[in-house]
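We did not get these values from a lab; they are worked out from the coordinates using the rules stated. Model, not experiment: these values are computed from the prediction. Here Cβ is always computed from backbone atoms with ideal geometry, including for glycine, and neighbour counts include all displayed protein chains.
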Ligand code: GDP
Ligand code: MG
């Protein structure tokens, strides 16, 4: 897949202490192929690669200490930009219900997504009303009613004998009368775009004057999804896109091209058939997912609600200045433990998933206890200055902690590596970390 291919390109770069213009060219050739194979629009690929190349072949990058990391960071930032830069929020009406019209081809996921969105809004203490305006597909109304029942959101319908325009109009009135703050209109789709469908959508649009026109597209269809989006957008100005079926074997083409081609931001991503499998789309998270950087930002968010921010800031400063000691290590282990089962946490940290698979690094909660025992057997001085721990001291620590010298050696080696990695990582993330948050 795309992630695997990109990781290969980058692991080649990362290993290099110096990066030449040829190396960058070679890497960009491979990035280009990987993106094309992932079904990203060729124009988008061309511009993307040109941009990354331009930024990478600079003196500051090539002469830097970690050129590979900087290039990965450039790619990450450009991918994020490509997908809109930052999260595109749902519009809110100044007065009366916020009207959201869901449009798209048949089977894209409009009805399912309408219900998912209602659930999401309900969780934010809103009172959405769903409107069943697909009178053509057999059982479409029933489908929405069942979903509404399931999430306890009311569904407005007038059966399939009344025109969708009339249903939408009366639905809006119903929302106003009942104090619903969101109106989600589920419309009909066709297998292909046709004039009749567009005309009906335009009429509904005129009738309810939506704050959002969300196009629902199946991410599995790659560039076809982008063509559909382009087409809809010229006929019925869209305000956003919802990408569905991202849980499947999607190649990434739709996510990476749709904003660049249509100018419409992706507002939500659907990752499954379940009713709560819808989330606001975060370009930066998608980019790091594509790059296989782990879900670093989710981890940071999780950490922020569990970790002492002041302490984390102090840690970050220490890492940056390479002042990180075994005392800090212990404290950090404490903090990490608060986040949940260790192997889950590890999966979210860049590179850690791979490291975990390596035979010599088995990290689990039991292993953590042994590691702690080793660190506790160090003297105050040793913890502050790990470089002073020579062979004789290692033997003493092994005995004191009830472990063995091989384990002590391994921990000290890993600690050194970790210090180096943290330094590299914090350099890569810039002076303030991602999005300027402390971590
Ligand atoms: P509509 O014709 O556009 O209204 O599409 P539906 O909402 O009826 O969905 C069509 C099919 O796609 C249904 O079987 C849904 O369960 C499925 N579906 C919708 N969204 C997702 C998703 O994000 N992931 C997966 N795996 N299936 C989805
Ligand atoms: Mg439907």
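Percent of C-alpha pairs per 5 Å bin in region 224-290, short distances first: 4, 17, 29, 25, 17, 7, 1. Each 10 Å bin, from zero up to the one with the longest distance, holds this percent of the alpha carbon pairs of region 113-172: 26, 52, 21, 1. Listed by Cβ neighbour count within 10 Å, with the fewest neighbours leading, 217, 9 appear as 9, 217. Shape analysis of region 162-212 based on the Cα gyration tensor places the equivalent ellipsoid semi-axes at 22, 10, 9 Å, largest first. A Förster radius of 30 Å, combined with the Cβ-Cβ distance separating residue 333 from residue 146, puts the computed FRET efficiency at roughly 0.05.
Viscosity 0.692 mPa s, temperature 37 °C: give me the Stokes-Einstein translational D for region 69-188 in µm²/s, with Rh taken as the Kirkwood radius over C-alpha pairs. The partial results should precede the final answer.
On the way: Rh = 15.6 Å.
Taking Rh from Cα pairs, D becomes 210 µm²/s.
Between residue 30 and residue 93, what FRET efficiency follows from the Cβ-Cβ distance if R0 is 51 Å, with the result rounded to 0.05?
Working: r = 47 Å, r/R0 = 0.92.
Result of the calculation: an efficiency of 0.60.
With N as its number of residues, region 17-90 has a Cα radius of gyration that, divided by 2.2 N^0.38 Å, comes to 1.17.
Evaluate the Kirkwood expression for the hydrodynamic radius of region 1-147, namely the inverse of the mean inverse distance over all pairs of different C-alpha atoms, and round to one decimal in Å. Every distinct Cα pair counted, the radius reaches 19.1 Å.
For a quick protection proxy, order the peptides 172-183, 84-95 by their average other-Cβ count within 10 Å, most packed first.
Details: 172-183: 17.2, 84-95: 13.7.
Highest to lowest by the protection proxy: 172-183, 84-95.
Multiply the residue gap between residue 380 and residue 366 by 0.36 nm, knock off their C-alpha separation, and tell me the result in nm, one decimal place.
Working: separation 14, 0.36 × 14 = 5.04 nm, distance 2.42 nm.
The residue 380-residue 366 span can extend by a further 2.6 nm.
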